[in-house]
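The values are calculated or read from the model by the stated rules, or taken from the named source; none is laboratory data. Bear in mind that the values here come from a model prediction, so they are computed numbers and not experimental data. Cβ placement follows ideal geometry from the backbone for every residue including glycine, while neighbour counts extend to all protein chains displayed.
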Amino acid sequence: MTRLKDKAAVVTGSTSGIGLGIARALAQAGCNIMLNGFGEPAAIESERAQIKKDFGVRTAFSPADMTKPAEIAAMIDATAQEFGSVDILVNNAGIQHTAPVEKFPIERWDAVIAIDLSASFHTIRAALPHMARRNWGRIINIASAHGLVASVEKVAYVAAKHGVLGVTKVVALETAKTGITCNAICPGWVLTPLVQKQIEARAVREKIPVEQAKTELLAEKQPSQEFATPEQIGAVAVFLCSESAAQIRGAALSVDGAWTAQ
Ligand code: NAD
């Protein structure tokens, strides 16, 4: 197993879904973890305590809102304060909204771009000086199959995720001669609350049972017809943090059941 003992990792949006899977995988590899995201305080505290108990690492939580640059900077500072460094940054927080372009609410466009794209700029900007100090760092941006190809009714999400791949490439170039790498993971469908909402909306729209909506959602895009799991995405993140991955730079790694192979 990759040993990342005592590395300090910030995982945005790690109170749920893929982010929680990545936080747990990094903790299993030995990282101290700064959790972040929204949710019930008691549920978040329980996840934090569970990670500490399961893996014997140090854990903390930042409630920073990824739409607020000052809160993002405070989260990065708090990580350095708490753990003595910021070694690994996973930009995972994300939201979705679906509507045709002409009906897409301006406020939803702004929110998706802020959380799914601009937050990565703000976190990376704040974290890089900490990584540079030790000449070691791993930046992992959770993009999407929608960073590589488009779907209807997802204009803000597709624009944001394509943008994340642009950010990834620029940061990889700017850090190319250092011990810091920056890459993106592009998941296809992963069964998380974000996707469950889309499945339920599909069931209502098409007047079909939820199970059928789930099967149809997969059949439409993901040739494997199986969901990827947060644990699988977590394992890819741990690999990107390993020394074996030191020359993977500026890459977009698909974990999408062949979605984008078509
Ligand atoms: P999720 O809804 O389960 O989790 C999203 C997380 O982001 C939660 O912890 C939530 O609290 C947090 N969050 C939302 N708004 C925030 C804000 N303003 N500030 C801080 N945290 C905030 O979703 P998920 O499916 O686990 O998605 C995680 C990431 O993976 C997203 O970037 C998403 O676009 C991406 N992704 C998901 C899928 C999928 O199929 N689930 C596929 C490709 C990419």
By residue number, the members of region 132-145 that are crowded, with 19+ Cβ neighbours inside 10 Å and away from the ligand (no atom under 16 Å from the Cβ) are G137, R138
Is it the case that A93 is buried (at least 19 other Cβ atoms within 10 Å of the Cβ) and among the small types (G, A, S)?
yes
From I208, I199, residue being over 14 Å from the mean Cα position of the chain (by Cα), outside any helix (DSSP H, G or I) and not polar (S, T, N, Q):
I208
Those residues of region 197-212 that are at pLDDT 95 or above and either β-branched (V, I, T) or near the ligand (Cβ under 10 Å from one of its atoms) (or both) come to a total of 4
I'd like the residue in region 1-44 that is touching a residue at least 40 places away in the same chain (Cβ under 8 Å) and in contact with a Lys or Arg (Cβ under 6 Å, 6 or more places away or on another chain) and, out of all such residues, is surrounded by the most Cβ atoms within 10 Å (Cβ to Cβ).
C31
Of the residues in region 13-58, how many are touching a helix residue (DSSP H, G or I) at 6+ places or on another chain (Cβ under 8 Å), small (G, A, S) and either part of a loop (DSSP other than H, G, I, E, B) or more than 9 Å from the ligand (Cβ to nearest atom) (or both)?
9
Which of the residues belonging to region 146-176 are more than 13 Å from the ligand (Cβ to nearest atom), in a loop (DSSP other than H, G, I, E, B) and buried (at least 17 other Cβ atoms within 10 Å of the Cβ)?
T175
Would you be able to tell me the number of residues in region 98-119 that are more than 13 Å from the ligand (Cβ to nearest atom), in a helix (DSSP H, G or I) and surrounded by fewer than 16 Cβ atoms within 10 Å (Cβ to Cβ)?
5
